[in-house]
Every structure is written in structure tokens, then in C-alpha cells.
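J.: Structure provided below as C-alpha cells; questions to follow.
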């Protein structure tokens, strides 16, 4: 055997031995106990899944890619209307709303409906005409309302979202991302009226010149345990879009899939995997009493101190984690103190790392000791 053939034979033996070792070696466990959540949305152009209270993202795919979002736009439309209108206000249907293309509740010229009924038509039947009618009522014009929508997005710190219309019909520059769409939905779901509307399966209108009954287009409300809504959407440019929410064991998840043909099936898989994989711990709740503070020169010396916001940690169920809290109160706290006034800070640590922080606020007001206080105190000393 030549020297070259000997080298080739040795290399082949080494390669075969290496392959055998790889086959016998134990396989590393997946980072996710059950399934790879992000891998469950192969047909989605973009996807994001967050926990409602903390806003923490649990899974994502192209979550920061700007895309059209079709009628999921109406989540912001409904939120802005609810924040600026009473639900019992009467809306005179403007001519420009009548005959709006796409999905419709078939508003009629000269008709009047209350805001509440139009909102149900907007979110359950996805009425593009209802969106125009609400926009003109709340913003004075469609363009004026769109300005309000964009201002609300800016207030939320959304950098990749821009609205051109209130209904999601395709238009250049009308865009968002899967993650920012989740953020919009999370904000909207904190509004009780919005939450009630999007979780309703059927609704019969109380106003209008004709009888109308709306059925929610979101099938998750019928066949997914804990489903809360939120909104479907479709245009040829955007594809099938869905924003969805569900709650189990006190944890609420909000997700969005954009340009995803099997949107309902994908949503179910994402939610199932996330609920199987994650849990959350509320370390401190909003408004929860944390400690008591001494107030110098107050009509009462002891003040209850509460957390201004919740601190929540989302973690995998197979993780063992421990946390500690540290309270720092304002030194030399003196009266007067107003209810809600910042009097300190609560910090949560995992080891030496800061996990969360919230202001500590006064649970009640404390008045300063004045002449009347001392006079009453003196008077009590002489009461027999």
C-alpha cells in the first residue's frame, strides 16, 4: 500500500469513528421544555407573543418587520374612540361612510347610531363603514382622526407604526409590526369596554334604522379555552392577519400573526405551547401595601406605603428562581404628604441583578400639625 493510500485509509477510519461517537452521544435537551414556540409559526410572515401585564415578549419571528396589518388596524381605532367618546353618544352617519368598500355593516344615508353599536359593528363584523363613521364623529374628519391614531401610537413609543386610515384598507405607508401590534392590543385590553366588546360572540344593535345582529369573526372565542378576542384582518396585500388573546391560571397572553394563512391554527399552537412552557410570578401588585413610614410633624405619625405599579416576572416552568426586594424610603419624611405622592422606591433583585423597580407612594394624605391640632390636644388634657 502506498503512503498516500495509507493516509486515505486512516482518514476514513477516523471519520467513521467520529460519526459513531456522535450517534452514541446523548442529545442536548431543547431550551424550551416542550416545543420551540417560534418554530410553531412556519407559515407566518411575522409573529409575536407577549405577556399582558409585563409586556415581555415570549416568542417572535420577524417581529420588528414593518408590514400591512389589514383590519387589525381597528384595534387602535376602537381604543381612540373609547378614550375620546361616550359609548352612548349618538352618531349621525356621514355620507362618506355609506358604501365604503370591503366588509361592512351596511350603514344607510341619514341613519343615526350610538357609538357603542358602531364599535360592536367595527370589532365583530369588521365594518369598514363603521370605522369611517366613528372617525368622523370622534376626529371631525377621517384625516383628523388618523392624526389622533398616530399621536396615540407616538405616545405609546411605537417607532414602526403609522396609520393612513381607520379601517385597514390597503394604502401606502399604512404599516406596523407584529410586536407593536401586540403592544397596541395590550393597551386596548386594559380598557374594560374594549375587552367586553372583543370577547362578545353575538351582539344585537339597540339603535339604527334597521335591525342588525353581529357575529364575531374570531373563531377562537368558540373553540379555544380562555380566549378573550381580539381581531381578524385580511386584504390581498396583507394576507390573513390575526391578533389574539387568551387567559389561563391568571396569566394573559397576547399574540399577533401577519400574513399567515392558517392564522387560527397557528394562534392555538402558539398559545398552547406558551401556556405549557411559561408561568408568571407577581412579586408585587399595583396598590399593594409594602411597608409603613414615619412622618415627622404629621397629625398621624405612621403612613402606609404602596407600590405604584406591579412587578411581574415571566419564567419557564422548569426554572427555579428566587427574588428579593429592597425598600428605600425618602429620608426625613415630613408633613404635609399628599396621597399618591412618591415617598420611596422598591427594587427587586435576582442575585445582584435588578429585575424590576417601582415607585412607592403614600396610601393616604397626612396633614401638618397646626394650631388647631395643638389646641385640640391641649383641650383633651383638661377633659375630666
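J.: On the Cα set of the stretch 234-298, report Rg and Dmax in Å, please.
T.: 20.4, 69
J.: Here's something else I'd like to know. I need the Debye-formula profile for the stretch 178-225: one equal scatterer per C-alpha, no solvent, reported as log10 I(q)/I(0) at q = 0.14, 0.27, 0.30 1/Å, two decimals.
T.: Cα-only, vacuum Debye calculation for the stretch 178-225: -0.49, -1.04, -1.08.
J.: Among 225, 51, 304, whose mean-square fluctuation peaks in a Gaussian network model of the chain (Cα, cutoff 10 Å)?
T.: Of 225, 51, 304, the Gaussian network model singles out 304 as fluctuating most.
J.: Name the residue, out of 182, 241, 85, whose mean-square fluctuation peaks in a Gaussian network model built on the chain with Cα pairs under 10 Å.
T.: 85
J.: Give the average over all directions of the projected area of the C-alpha convex hull of the stretch 37-280, one decimal, in nm².
T.: Values: hull surface 46.2 nm².
For the stretch 37-280, averaging the hull's shadow over all directions gives 11.6 nm².
J.: Test of understanding: express the Cα radius of gyration of the stretch 119-210 as a ratio to 2.2 N^0.38 Å, with N the residue count. Write out the running numbers ahead of the final one.
T.: Details: Rg = 13.9 Å, N = 92, 2.2 N^0.38 = 12.3 Å.
Dividing the Cα Rg of the stretch 119-210 by 2.2 N^0.38 Å gives 1.13.
J.: With only alpha-carbon atoms counted, please give the Rg and Dmax of the stretch 285-362, in Å.
T.: Expressed in Å, the Cα Rg and Dmax of the stretch 285-362 come to 14.7, 51.
J.: Please work out the Cα convex hull volume for the stretch 180-292 and give it in Å³ per residue.
T.: Working: hull volume 16.9 nm³, N = 113.
With only Cα atoms used, the stretch 180-292 gives 149 Å³ per residue.
Every number in this text was worked out from the coordinates using simple rules, so none of it is lab data. Computed from a predicted structure; not experimentally measured.
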